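The values are calculated or read from the model by the stated rules, or taken from the named source; none is laboratory data. None of the values given here were measured: they were computed from a predicted structure. Every residue, glycine among them, receives a Cβ derived from its backbone with ideal geometry; neighbour counts consider all protein chains shown. With ligands, DNA and RNA removed, areas are computed over all heavy atoms of the protein, side chains included. Shrake-Rupley method; radii C 1.70, N 1.55, O 1.52, S 1.80 Å.
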Amino acid sequence: MSSPETLGDVLCARIENDGPIPVEDWMATCLGDPQYGYYMTRDPLGCRGDFTTAPEISQMFGELLGLWAVVVWQQMHMPAHVNLVELGPGRGTLMADAIRAAAGVPGFLDAVQVHMVETSPVLQSRQRETLQSARLPVMWHADIDALPDGPMIVLANEFLDALPVRQYVYQKGTWHHRAVTWADGAFKFVAADAVDPDLIPAPFRTAAEGAIYEDSPAVLAVTKNLAGRLSAQGGAALFIDYGHTVGGLGETLQAVSRHGYADPLAEPGDVDLTAHVDFAALVACARDAGATVWGPLTQAALLQRLGIDERAATLAAAIGTERAGEISTQHRRLTAVDAMGHLFKALAITHPAQPAPPSFETAIPMRDR
Ligand code: SAH
């Protein structure tokens, strides 16, 4: 047999040999297959890519997160060595902006060793280029397990949404794993084997025919690992992502291609797949691991409390009246309710002895779903 030419061929052959592929494996393979995976083969960001993220919209995002990291370090009583970690750093833009902003605070950069956790070789090399001028020790790891011990400050924007979700579908009175098969010339969702009902939270044990429930062992594994490290070794993590703060039924797996929605089963490996983050599950998992959890806040509240209005005014004044409109457009995209402001949430996890990290001093009520 000739070797398969696309990820679709590989997946088709797998289904023929082993039966339907669970949604979780489908998502993991489409994004992370070493040869054909979406992230492994390209830089998907920017206007000519498939999607844009907050740090790519404006330098203000990374700058404010850099200052967040500095204040957390000060709250940790300025340890002489701290690991500044970014998970899923894309083009490295956030870290570059963070380092530039933090350089104004004496001592911080001398204490910092930067660790980038990135699976994609393409994006790793892009990050190396971006951080070339940073003149700081930077190390790359493919997995959080490879992070060295010690206190750390972790930043993660749109990282958790790239981790695979499991799906279940309710059919004829029973929950089943949801999987992907090949039928009539296309990939299709199917109900696979029945699941142990204990896997489904009690309020959802019975549901309407065809209802979907999602969870993410991968998100919980990362959360447990980081929360355990933070509560043993000190520090804080800041996650920013889109998601819900109250668990519920419903499917959130989605595909994006060229800045628009796409079919998550068409063109495997060539479209981005994401799922909403279940912040309630993340909070419970981090607490179980001994860490303190703050928020979630909306992205708008986070950035406004960190001073985005003032930063935008300063940048607009420096850039001149002709281009000042660009800054206000960026500011709007990051904070407006009908843009990223409320869809994206920020959640912090800290060592139990840490005070509230910047912006998380007071909770604000949030509507959800
Ligand atoms: N944080 C960046 C990029 C978000 S896209 C930004 O805001 O612009 C998701 C990023 O996570 C990409 O860099 C992708 O390669 C990386 N990624 C996806 N799955 C990963 C995994 N399991 N481990 C580490 N990085 C991963």
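Which value, in Å² and to the nearest 10, is the accessible area of R166 when all protein chains are kept and the probe is 1.4 Å?
R166 exposes around 60 Å² with every protein chain in place.
Name the residues whose placed amide hydrogens come within less than 5 Å of the amide hydrogen of K188, ignoring near sequence neighbours (fewer than 5 apart) on the same chain.
T181, W182, A183
Multiply the residue separation of D338 and V105 by 0.36 nm, subtract the distance between their alpha-carbon atoms, and state the gained length in nm to one decimal.
Fully extending the segment from D338 to V105 adds 80.4 nm.
Calculate the spin-label point distance for D43 paired with A221, positioning each point 7 Å from the Cα along the beta-carbon direction, and give it in nanometres.
With each label point 7 Å from Cα toward Cβ, the separation is 2.9 nm.
Stokes-Einstein diffusion coefficient for the chain at 25 °C in a medium of 0.890 mPa s, Rh from the Kirkwood formula over Cα pairs: what value in µm²/s?
For these conditions, the coefficient is 114 µm²/s.
Working from the pairwise distances between different alpha carbons, so that the mean of 1/r is found and then inverted, what is region 1-68's Kirkwood radius in Å?
After inverting the pairwise mean of 1/r, the radius is 14.7 Å.
If the chain between E129 and H259 were fully stretched, how many nm would it gain, using 0.36 nm times the residue separation less the Cα-Cα distance?
Stretched out fully, the E129 to H259 stretch lengthens by 44.3 nm.
May I ask you to evaluate 6.51 cos²θ - 1.76 cosθ + 1.60, the Karplus curve with θ = phi - 60°, for each residue of region 48-60 and list the ³J(HN,Hα) values in order in whole Hz, giving x for glycine and proline?
Here the 3J(HN,Hα) series is 8, x, 9, 8, 10, 10, 3, x, 7, 6, 8, 4, 4 Hz.
Can you give the convex hull volume per residue for the Cα atoms of region 64-119, as a whole number of Å³?
Value for region 64-119: 69 Å³ per residue.
Taking R0 as 45 Å, what FRET efficiency do you get between H77 and V122 from their Cβ-Cβ distance, rounded to the nearest 0.05?
Computed FRET efficiency for H77 and V122 comes out at 0.70.
Given points 7 Å out from each Cα along the Cα-Cβ axis, report the A183 to E361 separation in nanometres with one decimal.
Between A183 and E361, the simple spin-label model gives 5.8 nm.
I'd like the Karplus ³J(HN,Hα) series for region 315-325: coefficients 6.51, -1.76, 1.60, θ = phi - 60°, whole numbers in Hz, and an x wherever there's a Gly or Pro.
Each residue of region 315-325 in turn: 5, 4, 5, 6, 7, x, 4, 4, 9, 4, x Hz.
Two decimals, Cα atoms only, Kirkwood Rh: what is Rg/Rh over region 90-202?
With Rg and the Kirkwood Rh in hand, the quotient comes to 1.19.
Does region 272-346 classify as rounded, prolate or oblate by the C-alpha gyration tensor (a ≥ b ≥ c root eigenvalues; a/c under 1.5 gives rounded; else a/b over b/c gives prolate, otherwise oblate)?
prolate
How large is the Rg to Rh ratio of region 211-255 when both quantities use alpha carbon positions and Rh follows Kirkwood?
Taking Rh as the inverse mean 1/r over Cα pairs, Rg/Rh reads 1.06.
Tell me whether region 234-369 comes out rounded, prolate or oblate; compute the Cα gyration tensor, take square roots of the eigenvalues as a ≥ b ≥ c, and use a/c under 1.5 as the rounded threshold.
In terms of gyration-tensor shape, oblate.
Which order do R229, R323 take when ranked by solvent-accessible area (1.4 Å probe, heavy atoms of all protein chains), largest first?
Descending order: R323, R229.
What whole-number value in Å² describes the accessible area per residue of the chain for a 1.4 Å probe?
Averaged over the residues of the chain, the accessible area is 44 Å².
Starting at the first residue of region 181-197, write each ³J(HN,Hα) from the Karplus equation 6.51 cos²θ - 1.76 cosθ + 1.60 with θ = phi - 60°, in whole Hz, x for Gly and Pro.
10, 10, 8, 6, x, 8, 6, 9, 6, 9, 7, 9, 5, 5, 10, 4, x
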